[in-house]
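Report on one structure; see the data block that follows.
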Amino acid sequence: MSAQRFIRCPHCGLPHEAELTVCPVQGKALSAPKPRRRPAPPPSEEDYSWAHSLAPWSRGEGERDLDPSSLHTFIGKIVEGKYRIEALIGRGGMGAVFRARNTRIDKAVALKVLYRGYDKGSESERRFLREARIAGNLGHPNIVEVFDLGHLDEGMPFQVMELLEGQSLAQRVHHEGPLTESDALDIADQVLGALEAAHERGIIHRDLKPENVFLTERRGETTAKLLDFGVSKSLTEQTMSMTMTGVVVGTPYYLSPEQARGDREYDHRIDIWAMGVLLYESLTGVLPFNADSYEKLLVKILKQRPVAPSRFQPRISPSVEEVILRALSPDAADRPASAQIMLEDLRDARRAARDAFRAFGSDTMSDPPRFPSADATIKTRAVSVSAMPGPEDPTEVSDSFVSDDLRVVLERGKKEP
């Protein structure tokens with residue numbers, strides 16, 4: 001398998017298989033992809049906890065970069081006379097997060113810096129600053145808090161945010177396996193509350209996934225924090241220019257059918273769909289849609305219905321499963337109409353499940369779930385990693401999806417048994 005799974009086409013701006021020699025949209029020749037730089041050493045467990053909010057996105061040609069090897073030189077700097085940078089926590093394809101301290105109030109904070117494509121007025125800078133303003137204005141206990149933003153003397157934009165200690169939901173599922181129904185619903189309740197707060201302000205997240213849900217523990221209680229509003233969309237502002245220039249708007253496995261079709265008009269119910277995928281994966285350890293190529297994944301999202309999650313995890317309550325599958329309805333009109341309604345549906349489902357369990361004299365919601373059986377036909381998240389882009393490649397895709405080339409794939413699929 002190619003080390004570089006996807007490349008962004010210089011002609012149409014869309015992600016294509018790295019092996020393609022001709023753009024399937026415009027028919028123009030594609031040059032061979034340049035060899036990827038040697039990847040950085042794998043981060044430690046502490047570092048990785050921030051990596052999900054630092055994934056690379058598309059940017060304009062000629063935008064300025066900082067050599068990542070020089071990031072350590074920032075340690076000890078005083079930013080704007082009050083933020084002393086103490087340590088590098090982690091870095092991703094576009095940015096880095098440092099542990100810092102507000103010396104005026106002696107408070108530990110996280111300082112997130114954009115070090116690639118950081119030119120003044122660039123698309124990357126606009127996305128970065130927009131993320132900070134949206135998160136800073138929402139003011140919800142389950143959305144990461146942003147306190148400040150500005151520019152370093154070197155010209156790079158930064159955000160000052162609350163310092164989170166813990167792990168992402170993706171890490172937890174990877175390390176511990178599928179969650180108990182009780183734990184998964186606790187987390188879903190908080191994430192849906194955060195989404196409702198954003199939707200009420202006309203903001204669609206557009207990149208909801210386990211990597212963007214951060215879990216902190218305090219006094220035995222888990223708090224979920226929703227991260228990364230950098231690709232969010234306002235229903236009231238003009239964001240077409242950002243879309244047309246190739247800014248990424250989602251991770252392939254969590255795309256709704258309307259995004260996969262390339263619809264320009266969609267609403268907050270794409271987040272409801274992604275929430276269904278997130279819950280499905282949290283409870284089973286399996287993605288509802290998986291494939292070994294980008295095009296095949298789109299076809300599955302558009303043409304197939306997900307297998308009932310109870311097939312992989314029999315202890316999922318029927319009432320909870322019903323809500324998940326409703327969220328994964330291909331027609332947005334059949335999904336819960338809002339995050340608040342889905343939240344209430346899940347609470348009702350939890351009560352129904354508890355009543356059913358009590359009727360049998362037990363409360364199995366708190367029992368650890370059985371892991372899916374070892375079936376070669378079931379592709380878990382760990383297996384699917386081999387089909388994902390490498391650390392230097394785009395990890396997300398644009399909402400301006402293929403049209404003619406996707407129709408060709410769909411027609412070909414009709415002929416296959």
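Mind counting the residues in segment 310-362 that are more than 12 Å from Ile272 (Cα to Cα), in contact with a Lys or Arg (Cβ under 9 Å, 6 or more places away or on another chain) and free of Cβ contacts under 8 Å to residues at least 12 places away in the same chain? Reasoning before the result, please.
Going residue by residue through segment 310-362, those that are more than 12 Å from Ile272 (Cα to Cα) are 310-322, 344-362.
Retained after the next criterion (residues that are in contact with a Lys or Arg (Cβ under 9 Å, 6 or more places away or on another chain)): 313-315, 317, 319-320, 345.
Then keep just the ones that are free of Cβ contacts under 8 Å to residues at least 12 places away in the same chain; that gives none.
Selection size over segment 310-362: 0.
Return the residue satisfying two criteria in turn: it lies in segment 111-127 and is basic (Lys, Arg), surrounded by 18 or more Cβ atoms within 10 Å (Cβ to Cβ) and modelled with pLDDT of 80 or more, and of such residues it is nearest to Phe74 (Cα to Cα). Quick ask: steps written out before the conclusion?
Taking segment 111-127 first, the residues basic (Lys, Arg) are 112, 116, 120, 126-127.
Cutting the leftovers down to surrounded by 18 or more Cβ atoms within 10 Å (Cβ to Cβ) gives us 112, 116, 127.
This time we only want the ones that are modelled with pLDDT of 80 or more, so: 112, 127.
On the way: Lys112: 12, Arg127: 23 Å.
Ranking the qualifying residues of segment 111-127, first place goes to Lys112.
Mind counting the residues in segment 318-340 that are of a type in the set (A, V, I, L, M, F, W, C), over 18 Å from Glu258 (Cβ atoms) and under 22 Å from the mean Cα position of the chain (by Cα)? Quick ask: steps written out before the conclusion?
First, the residues of segment 318-340 that are of a type in the set (A, V, I, L, M, F, W, C): 320, 323-325, 327-328, 332-333, 337, 339.
Still in the list and also over 18 Å from Glu258 (Cβ atoms): 320, 323-324.
Cutting the leftovers down to under 22 Å from the mean Cα position of the chain (by Cα) gives us 323-324.
The number of residues fulfilling the criteria is 2.
Just the residues that are closer than 22 Å to Ala197 by Cβ, small (Gly, Ala, Ser) and part of a loop (DSSP other than H, G, I, E, B), please, taken from segment 135-164.
We begin by selecting, within segment 135-164, every residue closer than 22 Å to Ala197 by Cβ; these are 135-149, 159-164.
Next, from what is left, pick out any that are small (Gly, Ala, Ser): 135-136, 139.
Result: Gly139, single match.
Among (1) surrounded by fewer than 19 Cβ atoms within 10 Å (Cβ to Cβ); (2) in a helix (DSSP H, G or I), where does Thr222 come up short?
(2)
Go through segment 167-201 and count every residue that is of a type in the set (D, E, K, R), part of a helix (DSSP H, G or I), in contact (Cβ under 8 Å) with a residue 40 or more places away in the chain and touching a strand residue (DSSP E or B) at 6+ places or on another chain (Cβ under 9 Å).
At the first step, the residues of segment 167-201 found to be of a type in the set (D, E, K, R) are 172, 176, 181, 183, 186, 189, 196, 200-201.
Now restrict to residues that are part of a helix (DSSP H, G or I): 172, 176, 181, 183, 186, 189, 196, 200.
After this cut, where a residue has to be in contact (Cβ under 8 Å) with a residue 40 or more places away in the chain as well, the list is 172, 181, 189, 196.
From the residues that got through so far, the ones that are touching a strand residue (DSSP E or B) at 6+ places or on another chain (Cβ under 9 Å) too are 172, 189.
So the count comes out to 2.
So for segment 352-374 (the condition being assigned to a helix (DSSP H, G or I), of a type in the set (Asp, Glu), at pLDDT 95 or above and over 24 Å from Gln259 (Cβ atoms)), does at least one residue qualify? Walk me through it before giving the result.
Start the filter on segment 352-374 by keeping residues that are assigned to a helix (DSSP H, G or I), which leaves 352-359, 364-366.
So of that shortlist, the ones also of a type in the set (Asp, Glu) come out as 355.
Those still in the list that are at pLDDT 95 or above too: none.
No, the conditions are met nowhere in segment 352-374.
Select from segment 100-145 the residues that are β-branched (Val, Ile, Thr) and more than 18 Å from the chain's Cα centre (by Cα) and list them in ascending order. Before you say what the answer is, go through the steps one by one.
Here is the first cut: in segment 100-145, the residues β-branched (Val, Ile, Thr) are 103, 105, 109, 113, 134, 143-144.
Of everything in segment 100-145, those that are β-branched (Val, Ile, Thr) and more than 18 Å from the chain's Cα centre (by Cα) turn out to be Thr103, Ile105, Val109, Val113.
With a cut-off of at least 1 residues that are of a type in the set (D, E, K, R) and within 19 Å of the chain's Cα centre (by Cα), name the helices (runs of 4 or more DSSP H) lying wholly within segment 255-317.
257-261, 269-284
From the list Thr251, Thr236, Thr223, Thr245, pick out the single residue that is of a type in the set (Val, Ile, Thr) and at pLDDT 95 or above.
None of the others qualify; the one that does is Thr223.
Can you say whether Ile341 is in the same structural domain as Ser282 (by TED's automatic domain parsing), assigned to a helix (DSSP H, G or I) and closer than 15 Å to Tyr254 by Cα, as far as the supplied structure shows? Explain how you work it out, then say what you get.
On the way: in the same structural domain as Ser282 (by TED's automatic domain parsing): yes; assigned to a helix (DSSP H, G or I): yes; closer than 15 Å to Tyr254 by Cα: no.
Here the answer is no, as Ile341 does not meet what is asked.
The values are calculated or read from the model by the stated rules, or taken from the named source; none is laboratory data. Quick caveat: nothing in here was measured; it's all calculated off a predicted structure. Every residue, glycine as well, gets a Cβ built from its backbone with ideal geometry; the counts of neighbours run over all protein chains shown.
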